[in-house]
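Working notes, structure below.
The values are calculated or read from the model by the stated rules, or taken from the named source; none is laboratory data. Keep in mind that this is a model prediction, so the values were computed, not measured. In this analysis, Cβ positions are derived from the backbone assuming ideal geometry, glycine residues included, and neighbour counts consider all displayed protein chains. Side chains included, ligands, DNA and RNA excluded: accessible areas come from the protein's heavy atoms. Shrake-Rupley method; radii C 1.70, N 1.55, O 1.52, S 1.80 Å.
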Amino acid sequence: MDRALVESKWLYNNLLNDYQRQVIRETITEIDEKDEQYSLENFWEVDKDIGGMGGYNLPKNPVSNPFPFGIKRSIFRPLQYAASEMELRDIRYGARHVIQYVGMHLEATTKYYLIVNQKLGKLRHYNSTLGKVVRKLDQLKLLDDMTIKSLYVFIKIYNKSKHEINMDKTRERLFTVSDALVLYLTARILGQKILLQIDSKELDSSIEL
C-alpha cells in the first residue's frame with residue numbers, strides 16, 4: 001500500500017476489514033510477481049462476500065449486457081466495465097478507468113437513493129454530480145456518519161480520476177493497482193450498504209439516470 005494515494009490509504013485503514021486488507025495485499029503481490037498472468041480469484045471471493053451484484057458474478061466481457069435498460073443498467077453496468085478492466089485488460093494500466101467506473105456506480109446508486117427518499121424532487125437530481133448528491137444526503141441525515149465520511153474521501157479520488165493528470169515525477173502513474181483495488185471494494189461496500197435500503201421492487205424501475 002506504499003504506492004497508494006493518501007485518500008486510498010484512509011479508506012484502506014478505516015473502511016476495509018482485516019480480511020479485505022489482507023487480500024488486497026496478497027493481490028498486489030500476485031500482480032507484481034505474475035505480471036500479465038496474474039489471477040484475481042481471491043479478490044473476487046472478497047467481492048462475493050460483500051453480497052449483491054459485483055464483478056464476481058457479472059460477465060467479464062462487456063459485450064454481454066445483463067441489464068439492457070432501466071435503473072439496474074445505470075447502477076450495475078459500471079461495475080461490469082470495472083471488472084472487465086481488471087480481468088480482461090490489465091489493472092496496472094487501467095487503474096484510472098477502474099476508479100472512474102466504480103465512481104459511476106456510486107454516483108448512480110446514491111442518486112437513485114436520494115430520488116427514492118425525495119418523492120417530490122425526482123427530476124431535479126438526475127444531473128447532479130456525486131459530490132452534490134452526497135452533500136444533500138449529508139444534509140438530510142439519510143446515511144450514517146461513517147458512510148458519509150467515506151463517500152467524501154472517495155469523491156476526492158473520483159474527481160482526480162476525471163480531471164487530474166500525473167504531475168508527480170516520482171510516480172509512474174497517478175493511480176496504482178493499490179488505488180484501484182481499494183476504490184473498487186470501497187464502492188462495493190458503500191454501494192451495497194445503500195442498495196440494501198432500497199426496496200428491491202424500486203430497482204425494477206425502467207428509469208435511467
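See the values below:
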item: Test set (1) part of a loop (DSSP other than H, G, I, E, B); (2) surrounded by fewer than 20 Cβ atoms within 10 Å (Cβ to Cβ); (3) touching a helix residue (DSSP H, G or I) at 6+ places or on another chain (Cβ under 8 Å) - residue 19 fails condition number; result: (1)
item: Qualifying positions in region 150-161 - free of Cβ contacts under 8 Å to residues at least 60 places away in the same chain and either part of a loop (DSSP other than H, G, I, E, B) or open to solvent by 50 Å² or more (accessible area, probe 1.4 Å) (or both); result: 152, 159
item: Single condition residue 74 does not satisfy, out of (1) of a type outside the set (Phe, Trp, Tyr); (2) at pLDDT 95 or above; (3) within 27 Å of residue 160 (Cα to Cα); result: (2)
item: Any chance residue 3 is charged (D, E, K, R) and open to solvent by less than 30 Å² (accessible area, probe 1.4 Å); result: no
item: Whichever residue in region 183-205 is outside any helix (DSSP H, G or I) and of a type outside the set (D, E, K, R) and, among such residues, is least open to solvent (accessible area, probe 1.4 Å); result: 198
item: One residue from 75, 50, 31, 71 being in contact (Cβ under 8 Å) with a residue 60 or more places away in the chain, more than 22 Å from residue 190 (Cβ to Cβ) and surrounded by 14 or more Cβ atoms within 10 Å (Cβ to Cβ); result: 31
item: Region 111-130 residues that are under 21 Å from residue 152 (Cβ atoms) and surrounded by fewer than 17 Cβ atoms within 10 Å (Cβ to Cβ), paired with ones that are of a type in the set (Val, Ile, Thr) and at pLDDT below 60 (beta carbon under 8 Å, 6 or more apart); result: none
item: Among (1) of a type in the set (Val, Ile, Thr); (2) more than 18 Å from the chain's Cα centre (by Cα); (3) surrounded by 15 or more Cβ atoms within 10 Å (Cβ to Cβ) - the single one residue 63 does not satisfy; result: (3)
